[in-house]
1. Using Cβ counts within 10 Å as a stand-in for footprinting exposure, how do 141, 177 rank, fewest first?
2. Determine the relative contact order of the range 108-190: mean sequence separation of Cα pairs under 8 Å and six or more apart, normalised by residue count, in whole percent.
3. Which ³J(HN,Hα) values in Hz, rounded to whole numbers, follow from the phi angles of the range 112-127 under the Karplus curve 6.51 cos²θ - 1.76 cosθ + 1.60, where θ = phi - 60° and Gly and Pro get x?
4. Report the net charge of residues surrounding residue 19, where surrounding means a beta-carbon distance below 13 angstrom and charges are Lys +1, Arg +1, Asp -1, Glu -1.
5. Please list, in chain and number order, the residues 5+ apart from residue 147 or on another chain whose amide H is under 5 Å from its amide H, with Hs placed from the backbone.
6. Could you run the Karplus curve 6.51 cos²θ - 1.76 cosθ + 1.60 with θ = phi - 60° over the range 156-170 and give me ³J(HN,Hα) per residue in whole Hz, x for Gly and Pro?
7. Hey, rough spin-label estimate for residue 166 and residue 183, points 7 angstrom out along Cα→Cβ, what's it come to in nanometres?
8. Among 130, 186, which comes first, second and so on when ranked by fewest other beta-carbon atoms within 10 Å?
Amino acid sequence: MTTNGGSSWSKSVTGTTGAIYVVTGSSRNSLWSVGDNGLLLHSTNGGTSWQLAYGPTSYDLFGLEVVDDSLVWISGDMGTIIRTRGSSPLTSAEPPVRRQPEEPPLSFTLDQNFPNPFNPSTSITYSLSKAGVVRISVFNMLGQELAIICEGQREAGSHRVVFDASGLSGGAYFYRMSFDGTARIKRMSLIR
């Protein structure tokens, strides 16, 4: 953590070994963070110490928007959106048991982009078991849609699209493909 705009940094121990994806706050002292397996962290002293807990989901959480301590939006894997109003989303000191969602019959595959990390462009391949309408979009860590890579009717078979991220800053992004009433999400890293 830093208290001088990044001139110097000190280590803040969170009490977890899980991945942490974002830290943001409603004030200098009140900070929130999210991570793997429904991980939620809250600090009331500027990051010196953290309250470790897990939210109401076992899915990985990636996005966090803190309006104030009474209104926090959290987004994550498998379309997870958590909104708190008036109370903390922290519910348990133990991670929940990860349950595998029931998957609908596979009608498409979405591959990991290549190269990853990338700069400034990357390829995304996918396969369709039948013809249909495809939409692939790119989102930032807050869940804001930044670009539509492809949208429209596609034939069955393998396809490849190229995403040019020249206008984006380096960091982690997500791409989401929807087809036949189902969506898949993958993470990609843009380096500068």
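Any read-out appearing in this document is the output of simple, stated calculations on the displayed coordinates, not a laboratory observation. This structure is a prediction, so every number in the text was calculated from the model and none was measured. Positions of Cβ are generated from backbone atoms using ideal geometry, with glycine treated the same way; all protein chains shown enter the neighbour counts.
1. Ascending Cβ contact count within 10 Å gives the list 141, 177.
2. Details: 191 pairs, mean separation 28.2, N = 83.
Relative contact order, the range 108-190: 34 percent.
3. 5, 4, 9, x, 8, x, 9, 6, x, 10, 8, 9, 10, 10, 8, 10
4. Result for the neighbourhood of residue 19: -2.
5. Those lying under 5 Å, H to H, from residue 147 are 138.
6. 4, x, 8, 9, 9, 10, 10, 9, 9, 9, 4, x, 10, 7, x
7. Going from the residue 166 label point to the residue 183 one covers 2.9 nm.
8. By the 10 Å Cβ count, ascending, the order reads 130, 186.
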